[in-house]
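Take this structure first; my questions come after.
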Amino acid sequence: MWACSSPMRQNGAVLMALLMLTSLLAGSSLLAQSVQQARLYQQHKTRSALAAAQQALLSYAVDLSPGSCTGNCPRPGDLPCPDLDDDGIAELSCGNAAGSQQSRRLGRLPWRTLGLDDLRDGSGERLWYAVSNRYKNSTRAFPLNADTAGTITLYQQHGYRLYDANLAQGLVAVILAPGAALQRMDGLQQQRDSLHSNDPSHYLDSNRHDDNASFVDGSNDGFVMAEPSSHFNDALALITQPQIQQRMQQRVAMEVSRALLDYFCGMGNSDHVASSCLGTGGVRYLPDAAAFNDSSCTGTGSLAAGLCLAVTDQGRIAAHGLSPAWDSNSLLRGSSVNNWFQQNGWRNQIYYARAPACGATSPDCSGSGGLLNLSNASRLPQDNKMAVVIAAGPALLNQSRTSMLSLDAYLEGENALPDQHFERRRLSASDFNDLVSSLP
């Protein structure tokens, strides 16, 4: 006769089974949590690397060499060429000025040139980078100023164009984190060995008809952002025209203000931080402006004597007719030789107002007519401004710059009115993008 199992033994077996099941579930949960944590860490590392690269490129774009330039002069907006041989250093040239050599503007991020650590994404790969022909620093395309649109098209995964180079709404640069190797949608199995180390198709992916491994400047052929899948794991960071233009405007307005202070105080006698003079040198007055509707001030070539004359207290920066004339090294001189300000048409984009009290007959702003008022000035008080400098942003939807001679085609709000009151506001892509600087 078989002996029946006791209830205690049966309960023990059930308890053991429950313990085993609980352990399995706990182990599975811990494994899932571990996998999720690893994925989140990789995503965080990728996002951090892309953000660091984006900020480094934006800083590079306004890092000008001090003093006078004797050739191949850096200019606001310049971005480095990509690194084509994986040494971390930007190539000396990334194609001709016409932009027909597309492949030279897509490569790895030149992290050494940018002064960065060896940035890697979450999979351990170095970042890639593409630059618009108009913004590359060699060979330069001219002009590069506030009206220069990017030339790179970007799609989202279903084919919608987020940025369209054909409509002058392209990107300035794209930074790409390649992720782990995979089989691309076109069937290519990516191989990351020495034989394929500089081949973008073995690092960057495709989605539908869009391929991140190649692009054609100023066309429908651009880059794509898509959800991760078995065939696509590129992560992108972008540099848009408004992002880089705000920094360009700020740098140009600052450089123009410094040049005006140098005129007032004398070269070498200016305290640019305090907007004041060191010692008693200099002419101690500010130059007149050229009329804003003086068409001889527009363009990018050198301005001959007799053109763009100083005749009024508000308008564009005059090239000639000043007494004394601009110093031969002044940024504001009429010559375009080794002078990024004139070469790139920034005289078109800058509005300059001199206080009536600070003209040639009134040393140290002792004349009649008063000083200028700048609402929301970064340096108080707001009603003691010797000069106001405004760097116009890209044309807004209601602005046309066909003739370049209309003030409201460049400036907005109070700044578009010809009086002694100006305003500084938060920049907006829709209704206000004047970047305003002042002395002091």
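Out of the stretch 403-440, which residues are small (G, A, S) and part of a loop (DSSP other than H, G, I, E, B)? Even if it seems obvious, please write down each step before you answer.
Step one: list which residues in the stretch 403-440 are small (G, A, S), which gives 403, 406, 409, 413, 416, 428-430, 437-438.
Within the stretch 403-440, S403, S406, A429, S430 meet the criteria.
Now, a different point. Among the strands (runs of 3 or more DSSP E) lying completely within the stretch 95-164, list those that include at least 3 residues that are buried (at least 21 other Cβ atoms within 10 Å of the Cβ).
106-108, 128-131
Could you figure out which of (1) of a type in the set (G, A, S); (2) part of a loop (DSSP other than H, G, I, E, B); (3) within 29 Å of the chain's Cα centre (by Cα); (4) modelled with pLDDT of 95 or more isn't true of A259?
Failing condition for A259: (2).
What tally of residues in the stretch 351-361 results from selecting those that are under 34 Å from the mean Cα position of the chain (by Cα) and either surrounded by fewer than 17 Cβ atoms within 10 Å (Cβ to Cβ) or part of a loop (DSSP other than H, G, I, E, B) (or both)?
Of the residues in that region, 1 qualify.
Scan the stretch 239-251 and give yes if some residue there is over 30 Å from N384 (Cβ atoms) and of a type in the set (A, V, I, L, M, F, W, C), otherwise no.
Yes, the conditions are met somewhere in the stretch 239-251.
So which of R184, R251, R247 ends up being modelled with pLDDT of 95 or more, under 26 Å from K136 (Cα atoms) and crowded, with 19+ Cβ neighbours inside 10 Å?
After ruling out the rest, the residue left standing is R251.
Right, here's the next one. Taking A149 and the conditions (1) within 30 Å of L397 (Cα to Cα); (2) at pLDDT below 95, which numbered condition does it fall short on, given that it satisfies the others?
In the conditions (1) within 30 Å of L397 (Cα to Cα); (2) at pLDDT below 95, A149 misses (2) alone.
Among the residues that make up the stretch 319-335, is at least one of them surrounded by fewer than 20 Cβ atoms within 10 Å (Cβ to Cβ) and either in a helix (DSSP H, G or I) or touching a strand residue (DSSP E or B) at 6+ places or on another chain (Cβ under 7 Å) (or both)?
yes
When you go through (1) hydrophobic (A, V, I, L, M, F, W, C); (2) part of a loop (DSSP other than H, G, I, E, B); (3) at pLDDT 95 or above one by one for A53, which number turns out not to apply?
Unmet condition: (2).
Also, quick follow-up: Being without any contact (Cβ under 8 Å) to a residue 60 or more places away in the chain and in contact with a helix residue (DSSP H, G or I) (Cβ under 8 Å, 6 or more places away or on another chain) is the filter here, so list the residues in the stretch 138-168 that pass it.
Scanning the stretch 138-168 gives a single hit, A141.
Sticking with this one: Please specify each residue of the stretch 362-402 satisfying the condition of being in a loop (DSSP other than H, G, I, E, B), in contact (Cβ under 8 Å) with a residue 40 or more places away in the chain and among the hydroxyl-bearing types (S, T, Y).
Selection gives S362, S378.
OK, next. I want to confirm something. Restricting to the stretch 276-318 and keeping residues that are among the hydroxyl-bearing types (S, T, Y) and not in a loop (DSSP other than H, G, I, E, B), which single residue is nearest to G367 (Cα to Cα)?
The residue in question is T312.
The values are calculated or read from the model by the stated rules, or taken from the named source; none is laboratory data. Note that the coordinates shown come from a computational prediction; the quantities given were computed from them, not determined experimentally. Note: ideal-geometry Cβ built from the backbone for every residue, glycine included; neighbour counts use all protein chains shown.
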